[in-house]
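A quick write-up on the structure given underneath.
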Amino acid sequence: MIRAIVTDIEGTTSSIDFVKDVLFPYAREKLPAFVETHADKPEVQHWLHETAREAGLVSASRQEIIDLLIRWIDEDRKATPLKALQGLIWEDGYASGEFRGHVYPEVAENLQKWKRQGIHLYIYSSGSVAAQKLLFGHSEAGDLTPLFSGYFDTEVGGKREVDSYRRIAAAIKTPPDQILFLSDIVQELDAAATAGLQTVQLLRAPAEASASRHEQVADFNEISTG
């Protein structure tokens, strides 16, 4: 019996292209000016400090921190400080209507169906919790945030680390074998399965089926929670 579903975002609920072609370039373009104009805000100060700490910099100029963050964007580095700052920048883009969060056509209706069935829904993504809430709060299907019971990012641990899924199970107070984890990444699914979670691998086009220990589906319509 499935009591909770934890889902990835990129390649699972939403197109990787939206993140790669819309969100990342927007953050890259806006980041220098954002840091310069918001560096006095405590939240931004905190994440700039964490950026320097993660990079092992004892002291660094503001421009050096900006250059480092831009390099991390280009490297697609899953650094928590970068993800947090990106989320703050994307907030402006969503609020101004420059873009809306992409979700695949069948995602919203299935999330709503699972919610009606009494299943608790959670997000686990390498993007910050703030960025997750923005995407689903300003999605092409409307505000989907009321459907979710909680959100997790890399502060709970890396997505390919077994202990991350154990921490999530403990946090949502649900036995691992009653949690279904959805992702398109085999290594994430392997870690979740090792932690005792049930797993389903999304194969969004043009991905094709291959040998896998995980059940494979093309979209949310094929997922069974019975």
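Return yes when Gln178 is modelled with pLDDT of 95 or more and in contact with a Leu (Cβ under 8 Å, 6 or more places away or on another chain) and no when it is not. Taking the combined requirement at face value, the residue does not satisfy it. Flag set for Ala170, criterion: farther than 22 Å from Lys115 by Cβ, open to solvent by 50 Å² or more (accessible area, probe 1.4 Å) and at pLDDT 95 or above.
For residues in the range 112-154 being touching a Gly at 6+ places or on another chain (Cβ under 7 Å) and aromatic (Phe, Trp, Tyr), which is least open to solvent (accessible area, probe 1.4 Å)? Among residues in the range 112-154 that are touching a Gly at 6+ places or on another chain (Cβ under 7 Å) and aromatic (Phe, Trp, Tyr), the one least open to solvent (accessible area, probe 1.4 Å) is Phe136.
Checking each residue of the range 2-22 against the condition of being in contact with an Asp or Glu (Cβ under 6 Å, 6 or more places away or on another chain) and in a helix (DSSP H, G or I) gives at least one match.
When Phe220 is tested against (1) open to solvent by 10 Å² or more (accessible area, probe 1.4 Å); (2) touching a residue at least 60 places away in the same chain (Cβ under 8 Å), only condition (1) is not met.
In the range 1-42, the residue that is surrounded by the most Cβ atoms within 10 Å (Cβ to Cβ) out of those that are in contact (Cβ under 8 Å) with a residue 60 or more places away in the chain and more than 16 Å from the chain's Cα centre (by Cα) is Ala4. Only one of these conditions is not met by Lys159: (1) within 18 Å of Thr13 (Cβ to Cβ); (2) part of a helix (DSSP H, G or I). Which number is it? The one condition Lys159 does not meet is (2).
The values are calculated or read from the model by the stated rules, or taken from the named source; none is laboratory data. Please read these numbers as outputs of a predicted model, since none were measured by experiment. Cβ: placed from backbone, ideal geometry, glycine included. Neighbour counts: every protein chain shown. Surface accessibility is based on the protein's heavy atoms, side chains included, excluding ligands, DNA and RNA. Shrake-Rupley method; radii C 1.70, N 1.55, O 1.52, S 1.80 Å.
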